[in-house]
1. Output the DSSP H helices from the chain with an along-axis C-alpha extent of no less than 15 Å and a mean Kyte-Doolittle hydropathy no less than 0.5.
2. Work out how much length S71 to V12 would gain on full extension: take 0.36 nm times their residue separation and subtract the Cα-Cα distance, in nm to one decimal.
3. Can you give the Kirkwood hydrodynamic radius of region 1-42 from its Cα pairs, in Å with one decimal?
4. Using 7 Å Cα-to-Cβ label points, what is the R22/R46 separation (nm, one decimal)?
5. Show me, bin by bin at 10 Å from 0, the whole-percent P(r) of the chain based on Cα pairs.
6. Can you tell me which of V41, V64, V103 moves the most in a GNM of the chain? Springs connect C-alpha atoms under 10 Å apart.
7. Rounded to the nearest 500, what is the 222 nm mean residue ellipticity of the chain from helices alone, with -39500 (n - 2.57) per DSSP H run of 4+ residues and division by all residues?
8. Percent relative contact order of the chain, based on C-alpha pairs within less than 8 angstrom and at least six residues apart?
Amino acid sequence: MIAPSRPDTPRVVRELVALILRSAGFAHLVEAARLCTSEVVTNAHRHTRTTLIGIDVTVVGGRVTVEVCDSGPVGRLAGGGLLDTGGRGLALVGAYCDDWAVVSGDGGTVVWFRLGG
């Protein structure tokens, strides 16, 4: 899916990911996937100047991988403190998923996460 970088895009994408997982028989991963998707898509929208956000959902075996692509360079990956109102998104992603990474190249940045082992 290619989506415009807009304030409502995280909501639309997280619901699409939830729908895909439910229809593929992975309802037990929906809430973690919704949270992680929302955080990563929100980061692409808020912290880059990209006009389009690419989303890819792959279900293979018992695992789900979600990739979020933007045309911006990798941003600051510092985490927030316990009382900060921002900066904790990727820490949440790391806490809820089984694996994740940020890959930056000439064409932009891809943040992916994997659930289900």
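1. Working: long enough: 9-23 (21 Å, 0.68); 30-47 (25 Å, -0.21).
Length and hydropathy pass: 9-23.
2. Working: separation 59, 0.36 × 59 = 21.24 nm, distance 1.96 nm.
So the chain would gain 19.3 nm between S71 and V12.
3. One decimal place: 10.3 Å for the Kirkwood radius.
4. Calculated label separation equals 2.6 nm.
5. So the P(r) values, bin by bin, are 14, 49, 32, 5.
6. With Cα springs under 10 Å in the chain, the top fluctuation among V41, V64, V103 is at V103.
7. On the way: 3 runs with 41 residues, N = 117.
Mean residue ellipticity, 222 nm, calculated: -11000 deg cm²/dmol.
8. On the way: 209 pairs, mean separation 29.1, N = 117.
In percent, rounded to a whole number, it is 25.
Computed from the coordinates by the stated procedures, all read-outs in this text should not be read as laboratory data. Every value quoted in this text rests on a predicted model; they were computed, and no experiment measured them. A quick note on method: Cβ atoms are made from the backbone with ideal geometry, for glycine too, and the neighbour counts reach across all protein chains shown.
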